[in-house]
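Here is the structure we will look at, set down as structure tokens.
Bear in mind these aren't lab numbers, they're just calculated from the coordinates by the rules spelled out. Remember, it's a predicted structure, so these values are computed and weren't measured experimentally. All Cβ positions, glycine included, derive from the backbone under ideal geometry; neighbour counts span all protein chains shown.
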Amino acid sequence: MRILFMSDVHGSTDSLEQLRGHAERLQPDYFVLLGDALYHGPRNPLRTDYSPPAAVELLNAWQERMIAIRGNCDSEVDQMLLNFPMMGDYAHLLVGGQRFFLTHGHLWQPEQPPPLSAGTVFAYGHTHLPHLERLSSRLVAFNPGSISLPKGGNPPSFGFYDHGRLSILNLLSGDSMADMTLE
């Protein structure tokens, strides 16, 4: 199973176009959107490619394979335009025995997670900072970063899971920024 993870799109069409190129190359079975799909948020700069209607069209192209979580900038109005559910605060995903807890990161953080099974990948966004770290035998923290508004001097990034290997990839180059084999 191959899964492409994205977070914090914030209505950026250029970033989604770049991601579409990587998706064509990587051929994911599913897409996971960890929140903040359309609205840029009051604390973020307005990008020149900010276009929620165009972003909706790009995201809806993956609707049959999309698993999405609500972020702190997402609203019921966004859900009216998107052809996949995205208003849940979290989801559990089981892929070939590997458990994922999907959330945006504004309600739960990897340092203070809800009760989870051992070996769970805590997948989150919100901070716009890529992060891949085994915190304990019980938990792997995984943040794919932001494809549109990266922070901390990082490039825009996304995540990819491929049969037990989890990676964070640079959106601009496709190069690996971090990777881990899950046990």
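Points to keep in mind about this one:
- Cα-based shape type of the range 89-183, given that a ≥ b ≥ c are square roots of the gyration tensor eigenvalues and the cut on a/c is 1.5: oblate
- Dipole magnitude of the range 53-161 about its Cα centre (Cβ charges: Lys, Arg +1; Asp, Glu -1), debye to nearest 20: 400 debye
- For His40, His163, His104, order by how many other beta-carbon atoms lie within 10 Å, fewest first: His163, His40, His104
- Cβ crowding within 10 Å ranks Trp108, Trp62 as Trp108, Trp62, fewest other Cβ atoms first.
- Relative to its residue count, the range 2-181 spans a Cα convex hull of 107 Å³ per residue.
- Largest first, the three principal axis extents of the alpha carbons in the range 123-171 are 31, 21, 14 Å in whole numbers.
- Positive-end residue of Leu129, Leu46, Leu172, charge dipole of the chain with Cβ unit charges: Leu129
- The range 1-126 - charge dipole about Cα centre, Lys and Arg +1 at Cβ, Asp and Glu -1, debye rounded to 20: 300 debye
- Cα long-axis angle, helix 13-26 against the chain (0 to 90 degrees, to the nearest 10): 40 degrees
- Net length gained if the chain between Lys151 and Leu116 were fully extended (0.36 nm per residue, minus Cα distance): 9.8 nm
- Under 5 Å from the amide H of Met66 lie the amide H atoms of Phe31, each residue being 5 or more positions distant or on a separate chain, with H modelled from the backbone and absent for Pro and chain starts.
- Here the label points at Ser75 and Leu107, each 7 Å from Cα along the C-beta direction, are separated by 1.9 nm in the simple model.
- The fewest-to-most ranking of Tyr50, Tyr124 by surrounding Cβ atoms within 10 Å reads Tyr50, Tyr124.
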